[in-house]
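Input: a single structure, listed below in structure tokens.
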Amino acid sequence: MGGVELLQAVSGGLYLLAISVVGFRLLALAKRNRALPELYLGLSLVLGGCLGASLEAGAMVAAETLETAPLGMMMAVGKAFGLLGQGIQAVFVWRVFRPNARWALGLVALLWFVNLSTYAAFGFSGTFVTGAIPHGLFLVEFLARISASIWLTIEAFRYYRLMRRRRDLGLADAIVTNRFLLWSLAGLSALVMLSTSVPPVFFADSENPLMLLDLVVFSAAGIVTSFLYLLTFFPPPAYRRWLVGSEEGRA
């Protein structure tokens, strides 16, 4: 295993660990507090990230060595979990940030329709039998996935700005306000990670120079995203003290 491949494996493993820890913690909070937002977000991370992304990535890596039947099954299960997680993420954004907006409900419905339609189309095209991915269907699926993630990131940034104003008026906690900033930055980094899923579909040749760049970008974004996720939900005491101290200094 070369240095870049090792970095990719470490980055991917760290990302999987981070979203697993955060996802299951949110599910535990949802069970304890009977809170739907934590349930939606936790399910989206566990289903879409822990299960969906790992299975799809595993299928892509094993495409040259795995037989078509198990490869197709990995793609079928991975895409099912991934699209389900992305759909639940859209519900989370709607219910938390835009609960009274009809356009938001319409966008959620559209994303679910696209998800179900593309999944069915992959099945009819033979992807779940051979593991082959039609480029056109992949692009439609990718646009739906990245649209949902962009929406979440925009709403998180918007809410951070609102919380910052409330914080300046003494109406919001500095740690909670910073959590929205960190989540927004993690969203941007996750968008970069998601974008790295495109080149492997169109350039299957691992010797292509673009693939090397793709691996480096994926690895860097994976490490940054993992760090931001963990800092968002598990801020160390020193970081919390720094935030509180900065808030007191402004006051």
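The values are calculated or read from the model by the stated rules, or taken from the named source; none is laboratory data. In this text, all values refer to a predicted model and were calculated from it rather than measured experimentally. Reconstructed Cβ throughout: ideal geometry from the backbone, glycine too, with neighbour counts over all protein chains shown.
Observations
Residue by residue, here is whether (1) over 13 Å from the mean Cα position of the chain (by Cα); (2) free of Cβ contacts under 8 Å to residues at least 60 places away in the same chain holds:
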site: Trp151; (1), (2): no, no
site: Met163; (1), (2): yes, yes
site: Pro200; (1), (2): yes, no
site: Asn208; (1), (2): yes, yes
site: Met211; (1), (2): yes, yes
site: Ala238; (1), (2): yes, yes
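- Restricting Ala120, Ala109 to residues that are out of contact with any Phe, Trp or Tyr (no Cβ under 8 Å at 6 or more places or on another chain) and within 28 Å of Val22 (Cα to Cα) narrows the list to Ala109.
- Filter result for Phe24 (more than 22 Å from Ser197 (Cβ to Cβ), modelled with pLDDT of 80 or more and surrounded by fewer than 17 Cβ atoms within 10 Å (Cβ to Cβ)): yes
- The residue that is surrounded by the most Cβ atoms within 10 Å (Cβ to Cβ), among those in the stretch 123-180 that are modelled with pLDDT under 90 and among the small types (Gly, Ala, Ser), is Gly131.
- Any chance Phe81 is aromatic (Phe, Trp, Tyr) and surrounded by fewer than 16 Cβ atoms within 10 Å (Cβ to Cβ): no
- Exactly one residue out of Ala238, Ala204 is surrounded by fewer than 17 Cβ atoms within 10 Å (Cβ to Cβ) and at pLDDT 90 or above, and it is Ala238.
- Taking the criterion of being among the small types (Gly, Ala, Ser), surrounded by 15 or more Cβ atoms within 10 Å (Cβ to Cβ) and within 20 Å of Val77 (Cα to Cα), the only residue of the stretch 97-122 that qualifies is Ala121.
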